Amino acid sequence: MITIDEITIVRDGREIIYDYSEQIPAGSITVIVGPNGCGKSTLLAAIAGDIAPDKGTITIDDLHPILTSASTLASIRAMAVQNQSFTLGFTVREMIEMAGDSTHVIDALGLAEIADRLVTTLSGGEAQRVAIAQAIAQKTPVLLLDEPLAAQDIYSRRKIISLLQNLAETGTTVVVVAHSTETELTWADKVIKQFH
């Protein structure tokens, strides 16, 4: 379980998140929804341990991500950011295998036909799916995804959602950031809309 306890996050003198508390249940899909600039990605980065709250605490089970070593954190949570761009000339398969076993996730995300292409040649949506595949291949108990559906067609969206549902069913805690234009959220176990 992820516990967010009265956190406030200030960026450039502006309170992006103020005195916010939330419980994110284990083994479920929680979607954080809102317009651009409302702090969704900031909240996700704070859960990941990449940003320290100015006030309050975040815990993943009993661990404080911000106080946890990078190696321990890597075994607890995996994150895929939005607008992933790759600069090194590895293939899709090599990129995913740096994180873990690629076989299941390549098929599950419809990446088989591009598995041997260089990641530097991918479209935005393809690169995003590779970033998601990398995060899933890490096999961590917590999976954090920033707008994973944004650049995807209907077919890819269905594959991503189905895979996330399977992961949640097997105990993974999935937290997804989505833009407020995402109206079809029946696949989420919990939807968070207000967190200021």
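For the options ALA52, ALA112, ALA26, a Gaussian network treatment of the chain with springs between C-alpha atoms closer than 10 Å singles out ALA112 as fluctuating the most. Phi-derived couplings, Karplus 6.51 cos²θ - 1.76 cosθ + 1.60 at θ = phi - 60°, listed residue by residue for the stretch 178-190: 9, 6, 5, 6, 6, 9, 8, 10, 5, 7, 8, 7, 8 Hz, with x used for Gly and Pro. In order along the stretch 8-14, phi translates into HN-Hα couplings of 10, 10, 10, 10, 6, x, 10 Hz, rounded to whole numbers, per the Karplus curve 6.51 cos²θ - 1.76 cosθ + 1.60 with θ = phi - 60° and x for Gly and Pro.
Counting only alpha carbon atoms, the long axis of helix 154-169 and the longest principal axis of the chain meet at about 60°. In the chain, the longest principal axis of the Cα atoms and the axis of helix 124-137 are about 80 degrees apart.
A simple count of charges around THR8, restricted to other residues whose Cβ falls under 12 Å of its Cβ and scoring Lys, Arg +1 and Asp, Glu -1, yields -2.
In the chain, the calculated helix contribution to ellipticity at 222 nm averages -8500 deg cm²/dmol per residue, counting -39,500 (n - 2.57) for every DSSP H run with n ≥ 4. Positive contributions from Lys and Arg (+1) and negative ones from Asp and Glu (-1), summed over other residues with Cβ under 13 Å from the Cβ of GLN84, come out at -2. Each other residue within a Cβ distance under 12 Å of GLY56 adds +1 if Lys or Arg and -1 if Asp or Glu, for a net charge of -4.
Taking amide H atoms as placed 1.01 Å from N in the peptide plane, the amide H of ILE17 lies under 5 Å from those of ILE9, each 5 or more residues away in sequence or on another chain. Each Lys and Arg adds +1 at its Cβ and each Asp and Glu adds -1 at its Cβ; summed about the Cα centre, the stretch 2-118 shows a dipole of about 260 debye. Note that the stretch 31-88 shows a convex hull volume over its alpha carbon atoms of 126 Å³ per residue.
Within a straight-line Cα-Cα reach of under 23 Å, LYS193 can be paired with the following lysines, leaving aside sequence neighbours fewer than 8 residues apart in one chain: LYS40, LYS55. For the chain, modelled as a Gaussian network with Cα springs under 10 Å, which listed residue fluctuates most, LEU145, LEU111, LEU185? Per the Cα network of the chain with a 10 Å cutoff, LEU185 tops the list.
Summary of the geometry: the stretch 36-105 and the stretch 174-192, compared by the centres of their Cα atoms, lie 19 Å apart. The residue among THR42, VAL105, SER71 whose Cα reaches farthest toward the positive pole of the charge dipole of the stretch 30-110, with charges on the beta-carbon of Lys, Arg, Asp and Glu, is THR42. Under the convention that each Lys and Arg Cβ holds +1 and each Asp and Glu Cβ holds -1, the size of the dipole of the chain around its Cα centre is about 220 debye.
Sort the chain into rounded, prolate or oblate with this rule: let a ≥ b ≥ c be the square roots of the eigenvalues of the Cα gyration tensor; rounded if a/c is under 1.5, and if a/c is not under 1.5, prolate when a/b is larger than b/c, oblate otherwise. Here the chain falls in the prolate category. In the chain, taking the dipole from charged Cβ atoms about the Cα centre, the farthest positive-side position among SER162, VAL174, THR57 is held by SER162.
Taken together, the values in this text are just the output of simple stated rules run on the coordinates, not laboratory data. Just so it is clear, the structure is predicted and the values come from calculations on it, not from any experiment. Ideal geometry is used to build each Cβ from the backbone, glycine not excepted, and the neighbour counts take in all protein chains shown.
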